[in-house]
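Engineer: Please read through the structure below; I'll follow up with questions.
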Amino acid sequence: MRVDKEIKGLYNYFSFFGVWIMHIYLPELRLKPGEAFDYSFEEKLSDCFDDFWDGGALKLLISASSSWDKVIITGSLEVSTLAVCSRCLEQFEHYFKTDFTEAFTILKIIPVDCSPDMLAAETANMLTVTGDYLYIDEYIRQLIILAQDYSPLCSSDCKGICASCGADLNKATCQCSKDDHVIDARLMKLKELN
């Protein structure tokens with residue numbers, strides 16, 4: 001087990017059996033209200049989240065501060081992972097970056113028998129925090145999912161695949177003739193627009 005906590009300039013995280021639990025130690029923030037603490041985290045995406053089994057990389061920069069009953073985090077998230085092009089169906093390395101700002105309300109309730117996973121889910125879904133740690137791994141996982149392109153493209157000029165024979169038009173020209181391309185009867189009227 002590797003434990004790094006309460007070290008200014010480093011991201012706080014635990015590792016249990018190869019799964020990373022990302023958190024920020026709150027008493028450190030509460031001692032200096034309004035002062036920002038910077039954290040950074042860089043790891044393989046597959047080591048952090050089960051959703052991303054194909055490797056990839058995660059780089060996270062966070063600035064956290066507290067003010068009375070809130071913990072405010074701002075930061076940037078950079079992810080590199082494998083994706084499938086929505087036009088040609090080829091796998092490619094997909095890079096994206098997003099910035100975020102969030103305020104979490106500190107609840108005075110002391111958690112009873114709550115696992116870090118349960119606290120992380122509460123933090124992400126209700127934007128609340130209880131206890132001495134702000135568990136943000138579920139929040140970060142949701143940010144990654146929302147920041148991904150809905151229809152990722154390997155390149156902006158990707159030609160896709162032939163609708164008739166399925167040939168990858170980026171690699172070869174299609175051998176289908178114009179007659180092979182069957183047009184849906186409902187769309188025949190559009191041909192008259194030419």
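Rule-based calculations on the coordinates, nothing more; no lab input. Model, not experiment: these values are computed from the prediction. Counting neighbours? That spans all protein chains shown, and the Cβs are built from the backbone with ideal geometry, glycine included.
Engineer: What's the magnitude of the charge dipole for segment 43-131 around its Cα centre, counting Lys and Arg as +1 and Asp and Glu as -1 at the beta-carbon? Answer in Debye, nearest 20.
Structural biologist: So the dipole magnitude of segment 43-131 works out to roughly 320 debye.
Engineer: Okay, next question. Could you calculate the contour length gain from residue 115 to residue 54, that is, 0.36 nm times the residue separation minus the distance between their Cα atoms, to one decimal place in nm?
Structural biologist: Net length gain for the segment: 19.3 nm.
Engineer: Same structure, new question: Residue 146 versus residue 84, label points 7 Å from Cα toward the beta carbon: distance in nm?
Structural biologist: Each label point is offset 7 Å from its Cα along the Cβ direction, giving 2.6 nm.
Engineer: What nm value, rounded to one decimal, do you get for the distance between residue 153 and residue 185 when each label is placed 7 Å out toward the C-beta?
Structural biologist: 3.4 nm
Engineer: Here is a follow-up. Simple spin-label model, 7 Å along Cα-to-Cβ: residue 65 to residue 35 in nm?
Structural biologist: Inter-label distance under the simple model: 1.2 nm.
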